[in-house]
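See below for the structure under consideration.
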Amino acid sequence: MADQELRNKDTVTAFYDLMFNQCKPAEAMERYAGATYTQHNPHVGDGKEAFVAYFERMAAEYPGKRVEFKRVIAEGDFVVLHCHQSWPGDLEYAGIDIFRLDGNGKVVEHWDVLQVLPEHSENDNSMF
């Protein structure tokens, strides 16, 4: 794997951990985001300010929320995280987050999909 892809993986996991687990989205944006931030999640407004406002609200409304990275995959300027999210009230999700980084290795774009962990599965395989 190219050195830049390894750095991109480190950047994205540090960004996500600081924003989600440590509940410091403004610091995450300042440290790890590029000049712009394009958001594709329909629940979050576009741009840096909307991102910070959303995740500050999530931190206040859901203290103790956590994310665990199960897989981190990098290809070129993209990093994909396969995550286990745990929220207060026993809500758990399997998530896929896709980030694009700019030529300076800064986060500039995000897509995601979330799936509630089911109580029952038709197979014996884990979501992770």
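Some notes on this structure:
- Restricting attention to region 20-55, the residues being outside any helix (DSSP H, G or I), closer than 18 Å to Arg100 by Cα and not hydrophobic (A, V, I, L, M, F, W, C) number 11.
- Restricting region 25-35 to residues that are closer than 17 Å to Gly105 by Cβ and in contact (Cβ under 8 Å) with a residue 12 or more places away in the chain, the residue that is surrounded by the fewest Cβ atoms within 10 Å (Cβ to Cβ): Ala35
- Residues (free of Cβ contacts under 8 Å to residues at least 12 places away in the same chain and over 24 Å from Pro118 (Cβ atoms)) located in region 74-94: none
- Test: residue in region 1-19 that is more than 16 Å from Ile98 (Cα to Cα), polar (S, T, N, Q) and not in a strand (DSSP E or B): yes
The rows are residues; the columns are (1) at pLDDT below 95; (2) crowded, with 16+ Cβ neighbours inside 10 Å; (3) basic (Lys, Arg).
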position: Cys23; (1), (2), (3): no, yes, no
position: Tyr37; (1), (2), (3): no, yes, no
position: Arg57; (1), (2), (3): no, no, yes
position: Arg66; (1), (2), (3): no, no, yes
position: Ile73; (1), (2), (3): no, no, no
position: Val80; (1), (2), (3): no, yes, no
position: Leu91; (1), (2), (3): yes, no, no
position: Asp102; (1), (2), (3): no, no, no
position: Glu109; (1), (2), (3): no, yes, no
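- Counting only residues that are over 21 Å from His82 (Cα atoms) and open to solvent by less than 80 Å² (accessible area, probe 1.4 Å), region 39-53 holds 6 of them.
The values are calculated or read from the model by the stated rules, or taken from the named source; none is laboratory data. Predicted model, so just to flag it, every value in this text is computed and none were measured. Positions of Cβ are generated from backbone atoms using ideal geometry, with glycine treated the same way; all protein chains shown enter the neighbour counts. The area values use the complete protein model at the heavy-atom level, side chains included, leaving out ligands, DNA and RNA. Shrake-Rupley method; radii C 1.70, N 1.55, O 1.52, S 1.80 Å.
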